[in-house]
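First comes the structure, then the notes that go with it.
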Amino acid sequence: MTADIIYYNGEIHTFDHDEKIFEAIAIKNGKISALGSNKLIQSQQESNTRLVNLKNQTVLPGFIDAHLHIFPLGVSLSHVNCQMDSIEQVVKAVEKEAANCKNEDEWVIGWGFDESNYKENRKPTKWDFAHINNPVYITRYCLHEAVCNERVLKKAGITTSTMIDNGMIERNEHGEATGLLIESAMTFAEAILPVNTEESMKSAVKLANDYIVSRGITSIHDAGLGFFEDPYKEFKVLGDVIRNRELNVRMYVMVLAEYYKAFMKKYSSVASEKLKIGAMKLFADGTLSGRNAALSVPYKGSDEQGLLVYTHAKLQEQMEFVFETNYPVAVHAIGDAAIAQVLDVYETLNNLYPERTARNRIEHTTITNNVLLKRMKRLGVTAIPQPEFLYSAGDKHMNVIEKETGKYIALKSFFDYDLHPAGSSDGPVADCNPLLGMSAAMKRQTKGGTVIYEEEKISLKEAVRMYTINAAYAAEEEHFKGSIEIGKVADLTVLPEGFMTYTADEVKGANVRMTIIEGEIVYQST
């Protein structure tokens, strides 16, 4: 057999069942056609075969991020970045952006505020932006809160009497809105934001694509069409950029529950190796930092235990369609009480539909215990954690939960219970660089320097598995990607020589040398 492309002189870690290592790889029609020694593989060379010398660099299966939001990620790369050290710096950045606006009706949109990083140790409010005449709207890094100025509040029609279900308009002691909008309250402002045109959405996707491939990522699982815009509009944009060859990464897309049934009836036959419709996405609880993730015990210094979004009966009703039709389901569940509820519903529906084969996921799976993990194993549930949160959010989370609350991002336990934990970032909530997630998984050290739940550290080999074969398994795609094997797609990530011997700190500091999709180099470091 002849090859279109041969990569040779490498250290190619297959991450197949036997964990074989080869020197060279041959690619034909975008698929892996042969693996072996330099001599063996180069014997397949013909006059039109391209040769690439890997110069002893490490080759791994292409990285997969199993939970990311591509549209918000792209938008975050073009808006005011508010991941700074103070509100004062944020205000200056917003002032600078406003000064560049064509007029005072043009919006200034920011992303990523995080009060735990600000020297003022508080969230920004409308009064911080009172001197700025343009409408100002800034989303918190978690995407569950936003702050806006008075102009936006007035434009949105928010008054002292405005009420909202499943959210909160924060008010001061006088009943005046502070500008902080939480959960569903964000919809007041989102309804009047500039319309996302197809062109602006395509630009966001292309920005995200370039960023993603520069991190060695070849596939992503988008965690919910309908989260950013109308899901039909989002799906059309993704299809367009793929057809125009403007999107390199492979897409597995989840769809929010309220749209899923109609969406699958319209698009279930559209699936391809580049764009696959995956799980129905639901939310069982909130977030730890917002103290609304549902726990079995109270939060630190409080009697509150968070909130469940649904009753058991309502959650079962939401999921019934996917069990009946053998589609997968993915539920956001952070607290142990939420995870327990989700498992209860999974078990009920498994008993009602015993022939179902689709895999169920729990997104985040943050607070667990051995009882829950045993149930997840028995029910065949895949865990989708975000290892980088150990570093970027660990201090914040330790401030709101007690040590006895349960296991926190229990990566070692996920492997021990064979839950096929899939690596992810929740980008743009955290940086989608898998090397940061791998390093955090190995070291478990917070930004403040505290090592948390040290017994849950994992090895580099396990960390790589999370972002390769396990992530492929979570999408039921391990038959054609996730490891380097003959017949699978030639999606590869090239890293420095000796990478698989690196320490956690060395992994964090490493740079992706090449990202290869279907055998073609789509990113190369300079």
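Consider segment 106-153 and keep the residues that are within 17 Å of N172 (Cα to Cα) and small (G, A, S). The one that is surrounded by the most Cβ atoms within 10 Å (Cβ to Cβ) is A146. Please give the helices (runs of 4 or more DSSP H) falling wholly within segment 425-526 in which 2 or more residues are in contact with a His (Cβ under 8 Å, 6 or more places away or on another chain) and either under 14 Å from F63 (Cα atoms) or at pLDDT below 95 (or both). By residue number, 469-474.
The one condition from (1) hydrophobic (A, V, I, L, M, F, W, C); (2) surrounded by fewer than 18 Cβ atoms within 10 Å (Cβ to Cβ); (3) modelled with pLDDT of 95 or more that A262 does not meet is (3).
When segment 327-385 is filtered for residues that are in contact (Cβ under 8 Å) with a residue 40 or more places away in the chain, of a type in the set (G, A, S) and over 19 Å from A257 (Cβ atoms), the ones remaining, listed by number, are G335, A337, A340. If the condition is being surrounded by fewer than 18 Cβ atoms within 10 Å (Cβ to Cβ) and within 32 Å of the chain's Cα centre (by Cα), then segment 154-165 contributes M163, I164, D165. Among the numbered criteria (1) out of contact with any helix residue (DSSP H, G or I) (no Cβ under 6 Å at 6 or more places or on another chain); (2) surrounded by 16 or more Cβ atoms within 10 Å (Cβ to Cβ), which one does N48 miss? Against the list (1) out of contact with any helix residue (DSSP H, G or I) (no Cβ under 6 Å at 6 or more places or on another chain); (2) surrounded by 16 or more Cβ atoms within 10 Å (Cβ to Cβ), N48 comes up short only on (2).
Within segment 471-516, the set of residues being among the charged types (D, E, K, R) and either out of contact with any helix residue (DSSP H, G or I) (no Cβ under 6 Å at 6 or more places or on another chain) or closer than 27 Å to T2 by Cα (or both) comprises E476, E477, E478, K481, E485, K488, D491, E497, D505, E506, R513. From the list Y252, Y299, the one residue that fits, being under 25 Å from V342 (Cα atoms) and assigned to a loop (DSSP other than H, G, I, E, B), is Y299.
On the stretch given as segment 239-258, residues that are surrounded by 20 or more Cβ atoms within 10 Å (Cβ to Cβ) and either hydroxyl-bearing (S, T, Y) or touching a residue at least 40 places away in the same chain (Cβ under 8 Å) (or both) total 8. Among residues of segment 397-409 that are in contact (Cβ under 8 Å) with a residue 24 or more places away in the chain, those with a beta-carbon under 8 Å from a residue that is basic (K, R) and not in a helix (DSSP H, G or I) at least six positions away or on a different chain give the pairs N399/K300; V400/R291; V400/K300; I401/K300; E402/K300. Applying the criterion of at least 3 residues that are over 24 Å from A504 (Cα atoms) to the helices (runs of 4 or more DSSP H) found wholly in segment 355-419 leaves 370-379.
The values are calculated or read from the model by the stated rules, or taken from the named source; none is laboratory data. Here the structure is a predicted model, which is why all the values come from computation and not from measurement. We place every Cβ from the backbone using ideal geometry, glycine too, and count neighbours over all the protein chains shown.
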